[in-house]
Amino acid sequence: MVELPDMAEVSANLKDDGFATIAICLDVNGSGEIYQEAKDSFEAIFEEKGSSFTVISPDEVLLENVVSQSYAVPYTIFVNSNGIQVGSAFLGPKSKEDWTEIIREKLDLMAKQKAE
């Protein structure tokens, strides 16, 4: 979770460009029920690191289509405003500069797709 302060800064810097970060708490049992204690701990870490991400628990669709395909943490995907994944996933942490470049490329790609 060392990347949280950088991601918080990147998110804040790109907010006006339509970018938002949503974190998915992956501490769930086999039936998809969230471990509340784990979620509370996860949210406390985000707050402690100064991150203002929205933290969600995965529903059945996320568990089946995203969580089941994640082989590393962090596992980062980008989705457009319609919930459609844009490009491939990124595994592991990245630097603030790398994330800024990656996100700007994704935003440019989504703007081009929207214009078509």
| message | Considering only residues that are surrounded by 12 or more Cβ atoms within 10 Å (Cβ to Cβ) and small (G, A, S), which ones fall in the stretch 63-87? | response | S70, G87
| query | Can you pull out the residues in the stretch 82-95 that are polar (S, T, N, Q) and touching a residue at least 12 places away in the same chain (Cβ under 8 Å)? | reply | S95
| said: Take P58 and tell me if it is under 19 Å from L14 (Cβ atoms), of a type outside the set (F, W, Y) and outside any helix (DSSP H, G or I). | reply: no
| field | Residue list for the stretch 88-105, filter: surrounded by fewer than 16 Cβ atoms within 10 Å (Cβ to Cβ) and within 25 Å of S68 (Cβ to Cβ) | value | S88, A89, L91, G92
| request: Give me the pairs, please: first residue somewhere in the stretch 44-57 and within 10 Å of A23 (Cβ to Cβ) and small (G, A, S), second residue anywhere and assigned to a helix (DSSP H, G or I) and modelled with pLDDT under 75, beta-carbon distance under 7 Å, and either six or more positions apart or on two chains. | output: S51/L4
| field | Matching residues in the stretch 65-116 - criterion: being in a loop (DSSP other than H, G, I, E, B) and charged (D, E, K, R) | value | K94, E116
| message | Quick check on D16: is it at pLDDT 85 or above, over 18 Å from E3 (Cβ atoms) and surrounded by 11 or more Cβ atoms within 10 Å (Cβ to Cβ)? | response | no
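The values are calculated or read from the model by the stated rules, or taken from the named source; none is laboratory data. Values in this document were obtained by computation on a predicted structure and should not be read as measured data. Please note: Cβ atoms are built from the backbone with ideal geometry, for glycine as well, and neighbour counts cover all protein chains shown.
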